[in-house]
1. Pulled fully out, how much extra length does the chain show between Lys48 and Asp96, if you take 0.36 nm times their separation in residues and subtract their Cα-Cα distance?
2. Tell me the Kirkwood radius of the range 1-107: reciprocal of the mean inverse pair distance over distinct alpha-carbon atoms, in Å.
3. Go ahead and run the numbers for FRET between Val13 and Lys76, Cβ-Cβ distance against an R0 of 30 Å, rounding to 0.05.
4. What is the distance in Å between the Cα centroid of the range 1-31 and that of the range 68-84?
5. For the chain, which longest stretch is free of loop sites, where a loop site is one of the GluC sites (Glu not before Pro) that DSSP puts outside H, G, I, E and B and that has at most 15 other Cβ atoms within 10 Å?
6. Report the far tail of the P(r) of the range 68-108, meaning the percent of Cα-Cα pairs longer than 12 Å.
7. Please give me, ordered by residue number, the trypsin sites (Lys or Arg not before Pro) of the range 1-102 that lie in loop per DSSP and have at most 11 other Cβ atoms within 10 Å.
8. How much accessible area per residue does the chain have, counting only protein heavy atoms and a probe of 1.4 Å, in square angstrom?
Amino acid sequence: YKEINIPFYEAAVINGSVFKIVENEKIPIEGINVLLKKDNSDEVIKIKSMSDGSFYHYGLAPGNYSIYIDEKQLEKIKLKSTPRKIETQINSINSDKINDDIIFLLKW
């Protein structure tokens with residue numbers, strides 16, 4: 001027989017919303033690329049916001065992540081993101097620590 005090492009981790013999930021601010025009103029915006037980059041990794045995960053502005057991704061390896069809106073897309077639609085980048089720890093779904101919803105507000 002041959003021993004095969006299979007990596008195993010408890011998955012994590014991230015979720016949040018993207019809104020555009022128009023006349024002090026939050027309007028959900030779809031099709032916005034939310035990017036996730038795990039610390040000490042070159043891999044970038046792209047998530048698109050849905051019609052209600054929400055986004056989520058299941059199956060992340062727990063750890064520290066930078067989360068931000070695609071800068072090239074923001075330039076095309078002439079909007080700026082607040083916050084520009086969120087750096088946070090994403091915990092596994094079996095952890096006692098709850099992952100906060102990520103909220104991005106887009107403005108002119």
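1. On the way: separation 48, 0.36 × 48 = 17.28 nm, distance 2.78 nm.
Value of the extension gain: 14.5 nm.
2. Working: mean 1/r = 0.0671 Å⁻¹.
The answer is 14.9 Å.
3. Values: r = 29 Å, r/R0 = 0.96.
Computed FRET efficiency for Val13 and Lys76: 0.55.
4. When both Cα centres are located, 18 Å separates them.
5. Values: sites that count: Glu3, Glu10, Glu23, Glu30, Glu43.
Answer - 44-108.
6. Details: 522 of 820 pairs.
Beyond 12 Å sits 64 percent of the P(r) for the range 68-108.
7. Passing both the DSSP loop test and the Cβ count: Lys2, Lys78, Arg84, Lys97.
8. Result: 70 Å² per residue.
The values are calculated or read from the model by the stated rules, or taken from the named source; none is laboratory data. Just so it is clear, the structure is predicted and the values come from calculations on it, not from any experiment. Note: ideal-geometry Cβ built from the backbone for every residue, glycine included; neighbour counts use all protein chains shown. Accessible surface areas use protein heavy atoms only, side chains included; no ligands, DNA or RNA. Shrake-Rupley method; radii C 1.70, N 1.55, O 1.52, S 1.80 Å.
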